[in-house]
């Protein structure tokens, strides 16, 4: 991963070289804490050890029975789906990957009606085995398979903790079971069993993904000037503190569209605590130049725009043309056009004094994806240290879970009463 | 469309009933200006007349030759694609809809390799006929058809202005041609030829879409308490002014995922001007409860969360289960689970004092989509009046267009020089 901070030097808000150097002292301290956490495999910090601790052979063995699957369906939500979706979307492949990560009945029906159920591998992912959305979806999928006379026990495996419903189910029906690693929160689990089983079924090279991540891990050091991940994390933190409270993640590659979504979870759930935390916004280049760019350039100076691209792609020529005013496109390529737009947008933001950071990988391949995911995770952990928040917890989501459970008759929760007490001011 | 402002009354930032009443005087003035603009079909305001001025027969006639198409491919970018994608994604249908709205060579190749080119209708959409991305993609698609021995002139139609490359092309090859209406900026064109041709090929009821929009138009009045669209626009504006500088658009329906993207363009490009403008962020319920909610509830009080849902859906039961702790789900439905999560999230934000607005439609059907799109457009126009920005222009995107064109050898533009002069501070 390459990170270029050049365009934050003269922006508003911005960071001078001196400010970056002063920040670097704090990075050194934070790095020590992070390394100590990794050494003890503390909760959360353990995620930064995944390039070493994930065993690709274990994953390949678990999915071996599904070698002939035409499709793989991951049933999970949040961190139990986003990492797998990000890797799978980035790398493509002949085995179609689907994700049931919502409880929308219309969408679920549409998906189940279109899937070849008898040749679909189903991966049910929940550490606790009690995630309401995931288990509800699993029950629906299982019933659909039974209705189609498909033996669900032959098509299903689970990714879960040592105990709970899914573990018991696996034991009862002799399903392959992968272990969600201890100490790794869902949003940091892309490089574990949770994120890689789908990629394994698609035939991607897990070793290369982990090697890319390991490369990025090796660069972590006591200075932001030596580590792309820390450079990104430290600059994002400092810009947020100076007013760039929104981080618009804008990859220039359709294959990285899910990456922006994964990043949004990583950033929001890790850093959104106690009245702080940069708000992630998702964008996609070049498309969103025709959508968000007007605001990013001419709106408030409260945004950092992160532009991400691969340095190389499979390209495609633009045919020569007789069309008026467009001869300059002929003989060029789509990739050159996309790169020109990337650099033009970056310069356009810089010329308007809007802070932006360039993040690059060599290619959107296994190694590149490993670098990018690990790099952003380490950036996030560093940001959390600098901000002094509890990076690896998500206490604010519990209130709503209790309320929803109460509403569905799953127990007596006072939060559910607040729902019926809602203040109304309806205009129709 | 129904808008419930109840949860902004006690939030921080928030709006009291008195503040809303004072704001209503300004809404009355703004409504007068909007009505005057509509009466004169002024640039931009003309978009609010589309429920009357769009002729569905004209659209149906233009696409009649493509009645047997298996797929429809819209080649356009920004407002030339997003409206059509939003309508098409919301309504579904047996004819698959694809959108080439980026210039990513890998993605383009993947798409063209998978499309049944000889039964795909291609709609090339660009008002000017010179949009670089769209024309480059058209050239690539045309060549792919020629290579596959498909007569592209039999499969292609254009949606464009009275003049320019696409108009000439249509005349030369006798292609069906739809007119982009005058005075309607791309991001406000969903209810015109631009947004509806794709839906027509899919067999959706254009009259019902326009009728839904007309219903919403009929409710525009001098008071935010009588018009859901104005209620939403006025409250969003006032909350932004009080510190809710981010608007997280969070539909609880997979079919409305594109709607959030369309909204982001509408909001960003219309209102992001001269140092102001609320930043749209896209989210999706219930999925993003496991992603963004931690931040939305516990982060800075700088966000308005807009929760959107249909009041009715095709539902699907959750099977009864023996799984421990989950019996409460059995006998319930996915739709009930999703609604419980919607209401729980809303209450959870309210309990934390985070401002949120509920927006509902009866169903995600033609009429509902018409209401929702028109309602949000009218809300945006009102917001622009209250903020006193030039809602219908997008001057800030021109700098980058010139730079990109210069980089590709399409002329001598000084903006291109800024790209090579980029300040670098690369960490690798």
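Pick from A:325, A:368, A:353 the residue whose mean-square fluctuation is largest in a GNM of chain A, springs joining Cα atoms under 10 Å.
A:325
I'd like the projected area of the stretch B:315-416, averaged over all directions, using the convex hull of its alpha carbons. Report it in nm² with one decimal.
Taking the Cα atoms of the stretch B:315-416, their convex hull projects to 13.6 nm² on average.
Hey, for a label at residue A:58 modelled as a point 7 Å past Cα toward Cβ, could you say which residues of the stretch A:187-212 have their backbone N under 12 Å away?
Residues A:192-194 qualify, since their backbone N sits under 12 Å from the label point.
Which percentage, to the nearest 5, of the DSSP beta bridges contained in the protein assembly as shown is antiparallel?
15
Under a no-solvent Debye model with one identical scatterer per Cα of the stretch A:262-315, what's log10 I(q)/I(0) at q = 0.12, 0.21, 0.22 Å⁻¹?
-0.38, -0.94, -0.98
Mind sorting A:241, A:424, A:38 by how few other Cβ atoms lie within 10 Å of their own Cβ, fewest first?
A:424, A:241, A:38
Smallest Cβ-to-axis distance in chain A, for the rotation taking A to B: which residue, how many Å?
Residue nearest the A-to-B axis, with distance in whole Å: A:281, 2.
Using 1/(1 + (r/R0)^6) with R0 = 45 angstrom and r between the beta carbons of residue A:426 and residue A:149, what's the FRET efficiency to the nearest 0.05?
0.40
How far apart, in nm, are the 7 Å Cα→Cβ label points at residue B:218 and residue A:312?
6.3
With springs only between Cα atoms under 10 Å apart, run a GNM on chain B and tell me which of B:47, B:28, B:190 wobbles the most.
B:28
Tell me the angle of helix A:366-387 to the major Cα principal axis of chain A, expressed in degrees between 0 and 90 and rounded to the nearest ten.
The angle comes out at about 80 degrees.
Which value in nm describes the separation of the simple spin-label points at residue A:241 and residue B:33, placed 7 Å from the Cα toward the beta carbon?
4.1
If N is the number of residues in the stretch A:76-167, what value comes out of its Cα radius of gyration divided by 2.2 N^0.38 Å?
Rounded to two decimals, the normalised Rg is 1.05.
Residue A:205 label point, 7 Å along Cα→Cβ, cut-off 16 Å on backbone N: hits in the stretch A:358-396?
So the set is A:362-372.
Can you tell me the 0 to 90 degree angle between the C-alpha axis of helix A:79-91 and the longest principal axis of chain A, rounded to 10?
60
Per residue, how much space in cubic angstrom lies within the convex hull of the C-alpha atoms of the stretch B:226-291?
Convex hull volume per residue, Cα atoms: 103 Å³.
What's the angle, to the nearest 10 degrees (0 to 90), between helix A:105-114's Cα axis and the longest principal axis of chain A?
80
Taking a point 7 Å out from Cα toward Cβ as the label site, list the nm distances between residue B:114 and the same residue in every other copy, smallest first.
When each copy's label point is compared with this one, the spacings are 0.9 nm.
Could you put A:255, B:236, A:291 in order, starting from the residue whose Cβ has the fewest other Cβ atoms within 10 Å?
Working: A:255 20, B:236 25, A:291 29.
The order, fewest Cβ neighbours first, is A:255, B:236, A:291.
What area, in nm² and to one decimal, does the C-alpha convex hull of the stretch B:1-122 cast on average over all directions? The partial results should precede the final answer.
Numbers: hull surface 48.9 nm².
That works out to 12.2 nm².
Using Cα-Cα distances under 8 Å and only pairs 6 or more residues apart, what relative contact order does chain A have, in percent?
23 percent.
Within 10 Å of each residue's Cβ, count the other Cβ atoms and sort B:99, A:263 from fewest upward.
Taking fewest neighbouring Cβ atoms as first place, the list is B:99, A:263.
For the protein assembly as shown, what D do you get in µm² per second when you plug the Kirkwood radius from alpha-carbon pairs into Stokes-Einstein at 25 °C and 0.890 mPa s?
90
At q = 0.16, 0.27 Å⁻¹, work out log10 I(q)/I(0) for the stretch A:6-52 with the Debye formula, treating every Cα as an identical point scatterer and leaving solvent out; two decimals please.
Per q value, in the given order, log10 I(q)/I(0) is -0.61, -0.86.
Let me know the Rg and Dmax you get for the stretch A:349-407 when you use only its Cα atoms, in Å.
Every Cα atom of the stretch A:349-407 included, Rg and Dmax give 18.0, 53 Å.
Shortest first and in nm to one decimal, what separations exist between residue A:52 and its copies in the other chains, measuring from label points 7 Å along the Cα-to-beta-carbon line?
Label-point separations across copies, in nm and ascending: 7.3.
Provide the three semi-axes, in whole Å and in decreasing order, of the ellipsoid equivalent to the stretch B:254-402 as defined by the square roots of 5 times the Cα gyration tensor eigenvalues.
Working: eigenvalues 241, 68, 36 Å².
In descending order the semi-axes read 35, 18, 13 Å.
What fraction of the Cα pairs in chain B, stated in percent, has a spacing above 41 angstrom?
Result for the distance tail: 20 percent.
Can you report the principal axis dimensions of the stretch B:189-239 using only the alpha carbons, biggest first, rounded to whole angstrom?
40, 20, 12
Could you work out which residue, out of A:329, A:117, A:304, moves most in a Gaussian network model of chain A, that is, has the largest mean-square fluctuation with Cα springs under 10 Å?
Of A:329, A:117, A:304, the Gaussian network model singles out A:329 as fluctuating most.
Say a label goes 7 Å from Cα toward Cβ at residue B:412 in every copy; what distances in nm does this one have to the rest, shortest first?
8.3
Binned at 5 Å from 0, what are the whole-percent values of the Cα-Cα distance distribution for the stretch B:48-206, short to long?
So the P(r) values, bin by bin, are 2, 10, 21, 25, 23, 14, 5, 1, 0.
log10 I(q)/I(0), Debye, Cα-only the stretch A:145-250, no solvent, q = 0.21 Å⁻¹?
The calculated log intensity ratios at q = 0.21 Å⁻¹ are -1.18.
None of the figures in this text is laboratory data; all of them are computed from the coordinates on show. On a predicted model such as this, the values are computed, not experimentally measured, just so you know. Methodologically, a virtual Cβ is constructed for each residue, glycine included, from the backbone with ideal geometry; neighbour enumeration extends over all protein chains shown.
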